[in-house]
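Participant: Can you read through this structure? Questions will come right after.
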Amino acid sequence: MPGPAIHVDNLSLQLGAHRVLASIQFSIAAGSLHCFIGPNGGGKTSTARCLLGQMPHTGTIRFEWFNGNKGNIGYVPQLIEMERTLPLTIDNFMTVISQDKPAFMSPKKEAKAAIDHALDRVGLTAKRSLMLGSLSGGERQRLLFAQALIPNPDLLVLDEPMTSLDEGGSRLFEQLIGELNREGTTVLWINHDLDQVARLADNITVIDKVVLAHGPTATTLTADMQRGVFHSQDNGWAV
Amino acid sequence: MTPFYTWLRETLMALSDAGIMPSIFFYEFVVNALLCSIVIGPLLGCVGTMIVAKRMAFFSQAIGNAALTGVAIGVLIGESYTAPYVSMFSFCLLFGIVLNYTKPRTRMSADALIGVFLSISLAVGASLVLYVSARVNTHILESVMFGSILTVSDLDMNVLLVVTIITLVVGLPLYNKMLLGSLNPSLAQVRGVNVQAIEYIFIVLVTLITVACVKIIGAVLVEALLLIPAAAARNLCRSLRSFVWTTMALATLSCVGGIWIPMQWDIPVPSGGAIVMLAAIFFILTTVIRNVVPGFREAKL
């Protein structure tokens, strides 16, 4: 099933006295690979969280699902600190997200097969017995990606998933995202690596409280725009 | 359920009389206490793992203290002071729901907010109970705080059984969702978990369990059995599966052993104290093992 198109109109977000987003407007094409870029604190993650229904925003967000049936959303959050109090292994975590049967009981056959496949895709099979608290940053990001693969996502929202990955990990993630996108998944990717964005994204939206630019990557992420980004790096733009 | 309890007690008494079972099974109150133990142990052990995950260690203590107010209200409106369940459940549920409602509306961490509610509930509860105790001439404060596992009635066992069934039916299918909600609420929400609703359900379940156990083992002991076995198990376990099952086993062993050991060997220790001490021994043992056996060591910082 192809992923959804998303239409955002007049989206604003105010948190306390802070105006995070002001009248944002853009569209994401069905089955496209769409990147959000912009400075730190510019509202990229907030925009994504508005789309996921986690922010008290105003304005309209419309999902156009294939045949009107809501599909699966996979979400890879920013690198998070993992639970250290509980003896929770990678396997346990994947079981928690894969089935309703309590994770302290034996996993269901179909859930186990899905977990095996997801862990294999992100290269964590050999480390599945490790506790979450002992994982490195890159391993945590692989785990967060693995959970987004169950069930197979129609919309995949990625919030800087490659920050702590080594070169091999980055290549693997690029390959996985490409595969999913080719299968029809709409990918929304918050990305600071402009080379990667130029190479992979169909469309981009540049966000800094408002939409600075929006459109096909080839025509929007121009040399001028890139110079602007690099020039503004001293003023808080992250690349 | 009374005919079943009667049949069980009479069977065990007969077996004890025949020398097949230990002599302590000859006493009705011992059988009642052990029956409660084998229900309370796994129940509190399992819920304790979630309490630890959600960092709500003192929530049940706050509910236990709120039970004091519930008892006092019950006595004032004419309920039996030995089992004022309607008032206890009503007030404690209201207390737990208000606490959970307040949580996202303050900028405090969960443990600090629970601390605030715990203090308020103790102050109000103790004051009211002391006032009521003078009127009915009984030691309600002690019985709520420390319970009386050796004076358990069939009604107490029925209440415990019903709460246990509710917890199994409602809580088990939601266990993973509750855990995910505490690990990462944002991720849980995207995965279709109604994090707030699940939180309220958990609060209601812990409240029901705490109130059902208060009469039997007391507010202080509920807290101890929710925390100490989980802490002991955490020292040695390296997966959720072993953690939950070990916690349930240690909690059950502590309950059964705490009742059986003092009676079997005439040790002058109240059962409540013995239960906590046994759990504490498990915790000390596992802490020693964790620090002595190299295979159990983890990063200290």
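Participant: Can you pull out the residues in segment B:58-69 that are at pLDDT 85 or above and more than 13 Å from B:Leu122 (Cβ to Cβ)?
Facilitator: B:Phe59
Participant: Identify, from the list A:Asp120, A:Asp116, A:Asp100, the residue that is facing another protein chain (nearest Cβ under 7 Å) and acidic (Asp, Glu).
Facilitator: On the way: A:Asp120 fails: facing another protein chain (nearest Cβ under 7 Å); A:Asp116 fails: facing another protein chain (nearest Cβ under 7 Å).
Residue meeting the stated conditions: A:Asp100.
Participant: Next question, about the same structure. Among the residues of segment B:287-299, are any away from every other protein chain (no Cβ under 12 Å) and surrounded by 18 or more Cβ atoms within 10 Å (Cβ to Cβ)? Reasoning before the result, please.
Facilitator: As a first pass, look at segment B:287-299 and keep what is away from every other protein chain (no Cβ under 12 Å): B:287-289, B:291-295.
Those still in the list that are surrounded by 18 or more Cβ atoms within 10 Å (Cβ to Cβ) too: none.
No, that holds for no residue.
Participant: Scan (1) surrounded by 16 or more Cβ atoms within 10 Å (Cβ to Cβ); (2) modelled with pLDDT under 95; (3) farther than 27 Å from A:Leu51 by Cβ for the single condition A:Leu119 breaks and write down its number.
Facilitator: Exception for A:Leu119: condition (2).
Participant: Name the single residue that is surrounded by the fewest Cβ atoms within 10 Å (Cβ to Cβ) among those in segment A:47-70 being within 12 Å of another protein chain (Cβ to nearest Cβ) and within 18 Å of the chain's Cα centre (by Cα).
Facilitator: A:Gly53
Participant: Shifting gears a bit: Starting from segment B:204-231, take each residue that is closer than 29 Å to B:Arg290 by Cβ and list its partners that are not in a helix (DSSP H, G or I), counting only C-beta distances under 7 angstrom and pairs at least six apart or across chains.
Facilitator: As it stands, the answer is B:Ile217/B:Gly147; B:Leu221/B:Gly147; B:Leu227/B:Ala57, since those pairs meet every condition given.
Participant: So, A:Leu11, is that one buried (at least 17 other Cβ atoms within 10 Å of the Cβ) and aliphatic (A, V, I, L, M) or not? Before the answer, list the steps.
Facilitator: Numbers: buried (at least 17 other Cβ atoms within 10 Å of the Cβ): yes; aliphatic (A, V, I, L, M): yes.
Yes.
Participant: Select from segment B:78-107 the residues that are surrounded by 17 or more Cβ atoms within 10 Å (Cβ to Cβ) and among the small types (Gly, Ala, Ser) and write down the one among them that is farthest from B:Ala66 (Cα to Cα).
Facilitator: Ranking the qualifying residues of segment B:78-107, first place goes to B:Ser87.
Participant: Now a separate question. In segment B:252-279, which residues are in contact (Cβ under 8 Å) with a residue 60 or more places away in the chain, buried (at least 20 other Cβ atoms within 10 Å of the Cβ) and within 19 Å of B:Arg290 (Cβ to Cβ)?
Facilitator: B:Ser254
Participant: Residues of segment B:57-75 being aliphatic (A, V, I, L, M) and either buried (at least 24 other Cβ atoms within 10 Å of the Cβ) or touching a Leu at 6+ places or on another chain (Cβ under 8 Å) (or both), which ones? First the steps, then the outcome.
Facilitator: Taking segment B:57-75 first, the residues aliphatic (A, V, I, L, M) are B:57, B:62-63, B:66-68, B:71-73, B:75.
Answer for segment B:57-75, where residues must be aliphatic (A, V, I, L, M) and either buried (at least 24 other Cβ atoms within 10 Å of the Cβ) or touching a Leu at 6+ places or on another chain (Cβ under 8 Å) (or both): B:Ala57, B:Ala62, B:Ile63, B:Ala66, B:Ala67, B:Leu68, B:Val71, B:Ala72, B:Ile73.
Participant: So which residues in segment A:124-139 are away from chain B (no Cβ under 14 Å) and surrounded by 17 or more Cβ atoms within 10 Å (Cβ to Cβ)? Can you show your working first?
Facilitator: Filtering segment A:124-139 down to residues away from chain B (no Cβ under 14 Å) leaves A:124-126, A:137-139.
Selection gives A:Leu124, A:Gly138, A:Glu139.
Participant: When you scan segment B:205-298 for helices (runs of 4 or more DSSP H) that lie fully inside it, which ones turn up with 2 or more residues that are at pLDDT 85 or above, farther than 26 Å from B:Ile165 by Cα and small (Gly, Ala, Ser)? Let's see the steps before the verdict.
Facilitator: On the way: elements: B:219-236, B:240-264, B:271-292.
Passing ranges, in order: B:271-292.
Participant: Sticking with this one: For A:Pro87, indicate whether it is at the interface with chain B (Cβ under 9 Å from one of its Cβ atoms) and under 20 Å from B:Ile51 (Cβ atoms).
Facilitator: Working: at the interface with chain B (Cβ under 9 Å from one of its Cβ atoms): yes; under 20 Å from B:Ile51 (Cβ atoms): yes.
Spelling it out, A:Pro87 is indeed at the interface with chain B (Cβ under 9 Å from one of its Cβ atoms) and under 20 Å from B:Ile51 (Cβ atoms).
Participant: May I ask you to list the residues in segment B:12-35 that are part of a helix (DSSP H, G or I), surrounded by fewer than 18 Cβ atoms within 10 Å (Cβ to Cβ) and either free of Cβ contacts under 8 Å to residues at least 12 places away in the same chain or basic (Lys, Arg) (or both)?
Facilitator: B:Ala14, B:Leu15, B:Asp17, B:Ser23
The values are calculated or read from the model by the stated rules, or taken from the named source; none is laboratory data. Quick caveat, the model's predicted, so the values are computed rather than measured. No Cβ is skipped: glycine too gets one built from the backbone with ideal geometry, and neighbour counts run over all protein chains shown.
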